[in-house]
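The values are calculated or read from the model by the stated rules, or taken from the named source; none is laboratory data. Quantities reported herein were computed from a predicted structural model and do not represent experimental measurements. Note that each Cβ is placed from the backbone with ideal geometry, even for glycine, and that neighbours are counted across all protein chains shown.
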Amino acid sequence: MGEPRKIRLLRKQCPGDVTVFTAAIKALHISQPGAFLTDYHGYHPSLLENNPYITHLEPWEGQEVDTDYGYACMRSGRPFHFLYGYVENLSKQLGVHIELSDFRGDLYLSDAERELYPGLKPPYIVINAGSKGDITAKQWSNHRFQQVVDALRDRFQIVQIGGASDHHAPLTGVVNLIGQTTIRQLIQIVHRSSLVITGNSFAMHLAAAVPGTETNPDRQKIRPCIVLAGQREQRQWFHYPGHTALGTEGRLPCTFSTDADALPIGPGEACWVNKTVLIPGDRDRNICKSAIQDEKGQWLPQCLHRITARHVIEAAEAYLT
């Protein structure tokens, strides 16, 4: 066996995508032991901290590989999870066989990050009640999020997370950490959580990827997570074992595509729209055509509107009891 190949991996997307991509790095080294030295030179490098498969390489060392999850994989209609898109693409670029080893991202904690985050008291629930500005079609009802909090906060501490630059309406009766945490602090918070409630987002991928506590190693595979998914994406593309995805697969006709530039989809699959309603000054015209208002007048995609607070509360009770 010769010298290991040096590769510098690039991933220029959001932290949720990078979290999923970490699974492909581990899969490469498990499938091709000793054959590669890998470094990560992409966005959100803190997600690769403490990773045993990362070796520091200078910008001029080795081969630069611009990784992707492969839009062709997503568009193909094949029954693949997000994880497989990265593995398949990396395998093609490197010309080697890569077998996916785990059904989750691959994150590692420092000893300090295994400690309880200051101010939190188990058991606690992590809630991500917002969405990114470029994909508001993932946003569930703020009013219904508050109903969920009101139903659970007498028994559990509720921790609200979210990025400062994203859309997050503060809830009452929670520990408000919106815009106050780094990525590494979010990992620490999720590590000790009893449940994560979120849209299809970074928090969902963290719920699957962040290791569990030492007293309950099985949580590494099945940390409870409720995903307000709607019908924007095919369930097989994002769903992790042990998660509960609430949506309307096959029950709405709006996923029939009439747009020549849209993804080729069939009935009841997914629509991949970005915005719930048209935003003045925004050039994005990938708009939900079935938006409807909730009890407080907030516009929601119909697939998310059909998810009630009671649906989420019952799913939470099923985990927590």
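Numbers below:
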{"read-out": "All positions within the stretch 131-160 that are among the small types (Gly, Ala, Ser) and free of Cβ contacts under 8 Å to residues at least 40 places away in the same chain", "value": "Gly133"}
{"read-out": "Residues of the stretch 18-54 satisfying the condition of being crowded, with 22+ Cβ neighbours inside 10 Å, closer than 15 Å to Ala209 by Cβ, out of contact with any His (no Cβ under 8 Å at 6 or more places or on another chain) and in contact (Cβ under 8 Å) with a residue 40 or more places away in the chain", "value": "Phe21, Thr22, Ala23, Ala24, Ile25, Ala27, Leu47"}
{"read-out": "Residue check for Ile125: closer than 23 Å to Glu49 by Cβ, surrounded by 22 or more Cβ atoms within 10 Å (Cβ to Cβ) and assigned by TED's automatic domain parsing to the domain that holds Pro241", "value": "no"}
{"read-out": "Residue among Ile98, Ile125 that is modelled with pLDDT of 95 or more, in a loop (DSSP other than H, G, I, E, B) and within 19 Å of Ala209 (Cβ to Cβ)", "value": "Ile98"}
{"read-out": "Selection status of Glu88, loosely packed, with under 15 Cβ neighbours inside 10 Å, among the charged types (D, E, K, R), assigned by TED's automatic domain parsing to the domain that holds Arg11 and more than 22 Å from Arg223 (Cα to Cα)", "value": "no"}
{"read-out": "Filtered residue count, the stretch 125-142, keeping only those that are under 11 Å from Ile161 (Cα atoms) and among the aliphatic types (A, V, I, L, M)", "value": "4"}
{"read-out": "Residue that is surrounded by the most Cβ atoms within 10 Å (Cβ to Cβ), among those in the stretch 307-321 that are at pLDDT below 95 and not aliphatic (A, V, I, L, M)", "value": "Tyr319"}
{"read-out": "Residue within the stretch 161-181 that is part of a helix (DSSP H, G or I) and either touching a residue at least 24 places away in the same chain (Cβ under 8 Å) or crowded, with 23+ Cβ neighbours inside 10 Å (or both) present", "value": "no"}
{"read-out": "Test result for Leu304, surrounded by 17 or more Cβ atoms within 10 Å (Cβ to Cβ) and at pLDDT 90 or above", "value": "yes"}
{"read-out": "Residues that are at negative phi and modelled with pLDDT of 90 or more, drawn from the stretch 60-82", "value": "Trp60, Glu61, Gln63, Glu64, Val65"}
